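Working notes, structure below.
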Amino acid sequence: ELKDPAKSNVAIDLVEQKGADRREGKYTVTTTLATGGELEGRLNEKPLTFEQGISVCTDLSKGLFELQLTDHLHRDLKNENVLLYGEGDNIHAKIIDLGKTKEVKEGETVKHTGNPRYMAPEGVDSQKSEVYSLFIMQMRVVEAPFLKEEGLDTLVPLGEQLDKTENPGKSKGFEKFLVMNKDCFQTAAKSIHAKIRYWGGFIEKAVGNPKVQDTTKLEKAQEQAWKYVDALEDKLIKAQLKKLHPEVNPKDIDAIKDIKSDRRFSSDLDKPMFIAIEDQCMLWKQMASSKPADRPTMGDVYQRQNSIKQMIKPHAPS
């Protein structure tokens, strides 16, 4: 049971049945009208600013942490299952569609039932697998403005990693990058069995059997995810530098190969916004670990996410 459903980032309000519908101990589950619509639809039409995106990412981690405090997993995480409320600095997110929610305690695993596009590399559901799924959701939230502005499908071209047997469907950005990547475990196939056949039982051998030491494919999947995080970090830093330095031609900033080594902007990188970007990307890389034991807990994710949110929060003039 959630401690305070009214303040929760899980979109669930319990209303006691009355009148002809009344049954002892029975409740109707309702969802407050979402004034901002569905998250995925919003990302496609009018992407969130970085500050709004971090606020939404914090809400998502809080909602999932609230579920895990009750020893429950959502088990169908995707941005289509998130509703937005409010606008501007007051935008908030709540997680919906709890039809596959199941009691799963820390350390336990159950069969994966959610969307395989958001599947963790180990191919099962657990508290740590939902950390990985959240990572994919958050990346999609924060990268959306760059995809729309630059007309990109992904921030990183697939090249030799392109899996021509996959059909990305409507997936975009990081989600599409994972689905279409030979080195990654996610798939657009409706059945999880399709991907298990594709990997020829590797998931069980590499993760489920501690005697097997060959984790090459797991390491490659992690490398691909980290490469995408690095590309997004570069975009985020350059976007902020363009705001700080309108006197510099934006194309000159875009052309910088290693932005962190450019002495012209070294003092800028010590400011809270840039520290927040670095901390966020470091957190994403930890969430993206192909080994569940190396990922932070959902509680840790929420605490660190909230700290990043506070770091970039606009301060009222004194």
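Computed from the coordinates by the stated procedures, all read-outs in this text should not be read as laboratory data. The structure displayed is predicted, hence computed values, not measured ones. Note: ideal-geometry Cβ built from the backbone for every residue, glycine included; neighbour counts use all protein chains shown.
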Mean separation of Cα contacts under 8 Å (at least 6 apart) over the residue count of region 55-121, i.e. the relative contact order in percent, is 36
Ordered by residue, what ³J(HN,Hα) values in Hz, to whole numbers, does region 230-242 give under the Karplus form 6.51 cos²θ - 1.76 cosθ + 1.60, where θ = phi - 60° and Gly and Pro are x?
-> 4, 5, 5, 4, 4, 5, 5, 5, 5, 5, 6, 5, 5
Percent RCO, i.e. relative contact order, over region 218-318, from Cα pairs under 8 Å lying at least 6 residues apart = 32
Order of MET282, MET137 under a 10 Å beta carbon neighbour criterion, fewest first | MET282, MET137
Out of region 94-125, which GluC sites (Glu not before Pro) are coil in DSSP terms and have no more than 14 other C-beta atoms within 10 Å?
-> GLU106, GLU108
Add +1 for every Lys or Arg and -1 for every Asp or Glu among the other residues with Cβ under 12 Å from the Cβ of ALA144, and state the total.
-> 0
Determine, for HIS112, HIS74, HIS245, HIS92, the number of other Cβ atoms within 10 Å of each Cβ, and report the residues in order from fewest to most.
-> HIS245, HIS92, HIS112, HIS74
Considering only the other residues whose Cβ falls under 11 Å of the Cβ of LYS46, what net charge follows from Lys and Arg at +1 and Asp and Glu at -1?
-> 0
Starting from the Cα-Cα distance between ASP254 and LYS313, subtract it from 0.36 nm times their residue separation and give me the gain in nm to one decimal.
-> 18.6 nm
For every other residue with a beta carbon closer than 12 angstrom to the beta carbon of GLU223, add +1 if it is Lys or Arg and -1 if Asp or Glu, then tell me the sum.
-> +1
Using alpha-carbon positions, what is the distance between the centroids of region 233-247 and region 82-159, in Å?
-> 26
